[in-house]
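So that we are looking at the same thing, I have put the structure below in C-alpha cells.
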Amino acid sequence: MTSQPPPAEPPSSSPATPSPPVPAPAPVPANYTPRMHIVLFQPEIPPNTGAVGRTCVAVAAKLWLVRPLGFRVDEKTLRRAGLDYWRHLEWEVVDDWRALAAALPVDRAWYFTKSARHSYADVEYRFGEILVFGSETTGLPPWILEAHAERTLRIPTRPQVRSLNLSNSVAVAAYEADRQWRRAGWLDADEPRT
C-alpha cells in the first residue's frame, strides 16, 4: 500500500521564533535499539524537551524533534542545561513534517490531543509505535489532526485542568506502552531501565 504525501504545511503562525538551522552535535554510535518513537512537533520549551529526552532514554524510545524549535539544539546548549543523559539518547531533528513523514510511517502513528474521543489506555501498543505530541502552547495543528482523526488519543483529566505538561503527557503514554509490553511478557519485568 502506498501512502499519500503529507498535506502541505500552512504558513507558520507559531509565536515561537523559528530556530535557525543549527547542526546537531555529531552523531554517536547507537545506544539502544528504539522500542518506540516519540515525536515532538515544534516544541518550544527546552526543559520540557529535556525531560522528554530523559523519559526516552528510560524506555528506550527514539526522540524526534520537528522544526521549527523554540530553542537551539547544540553541544553548548546541551552542556549548559546539564543534560548529562542526552549522550545516551537516540534522537534526530527534522526540518518539517514532510521530512518526518519520509522517515517514519506517520499514517500508523498515534496523535495526542485533548480533543480526541479515545483514551490512550484504550489501545494496544506494539513495538515500534510512533507517539506524536504537539507544541506546549498550541498542540498539534488541525491539518495533522484532521488527516489522522481515527488515530487520535487523549489523556483524560478533570475539567478544571486545561491540559497536562508536555513532558508529563509523554511519560504517561510511553509508560503505558512499556506497562503493556511487560504485562504481555515482551519485556522482562525486572529488566533494568538504564
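Which numbered condition trips up residue 158, out of (1) among the basic types (Lys, Arg); (2) over 24 Å from residue 65 (Cβ atoms); (3) touching a strand residue (DSSP E or B) at 6+ places or on another chain (Cβ under 6 Å)?
(3)
Within the group 27, 18, which residue is surrounded by fewer than 17 Cβ atoms within 10 Å (Cβ to Cβ), under 22 Å from residue 132 (Cα atoms) and modelled with pLDDT under 70?
Result of the check over 27, 18: 18.
Exactly one condition in (1) more than 13 Å from the chain's Cα centre (by Cα); (2) touching a residue at least 40 places away in the same chain (Cβ under 8 Å); (3) under 18 Å from residue 147 (Cβ atoms) is not met by residue 39; state its number.
Only one criterion in (1) more than 13 Å from the chain's Cα centre (by Cα); (2) touching a residue at least 40 places away in the same chain (Cβ under 8 Å); (3) under 18 Å from residue 147 (Cβ atoms) is unmet by residue 39, namely (1).
Exactly one of (1) buried (at least 19 other Cβ atoms within 10 Å of the Cβ); (2) touching a helix residue (DSSP H, G or I) at 6+ places or on another chain (Cβ under 6 Å); (3) aliphatic (A, V, I, L, M); (4) not in a helix (DSSP H, G or I) is unmet by residue 187. Its number?
(1)
Follow-up question, since we're still on this one. Under 7 Å by Cβ, and 6 or more places apart or on different chains, what pairs join a residue from region 162-184 that is free of Cβ contacts under 8 Å to residues at least 12 places away in the same chain with one that is surrounded by 15 or more Cβ atoms within 10 Å (Cβ to Cβ)?
164/155
Return the only residue of 89, 131 being touching a Gly at 6+ places or on another chain (Cβ under 7 Å) and within 13 Å of residue 64 (Cα to Cα).
Sole residue among the options that is touching a Gly at 6+ places or on another chain (Cβ under 7 Å) and within 13 Å of residue 64 (Cα to Cα): 89.
Now, a different point. Consider residue 189 carefully, then state whether it is in contact with a Lys or Arg (Cβ under 6 Å, 6 or more places away or on another chain) and at pLDDT below 95.
Considered against the rule, which asks whether it is in contact with a Lys or Arg (Cβ under 6 Å, 6 or more places away or on another chain) and at pLDDT below 95, residue 189 comes out as yes.
Collect the residues in region 120-146 that are acidic (Asp, Glu) and either at positive phi or touching a residue at least 60 places away in the same chain (Cβ under 8 Å) (or both), keeping them in residue-number order.
Within region 120-146, 129, 136 qualify.
The values are calculated or read from the model by the stated rules, or taken from the named source; none is laboratory data. Remember, it's a predicted structure, so these values are computed and weren't measured experimentally. Note that we place each Cβ from the backbone using ideal geometry, even for glycine, and neighbour counts take in every protein chain shown.
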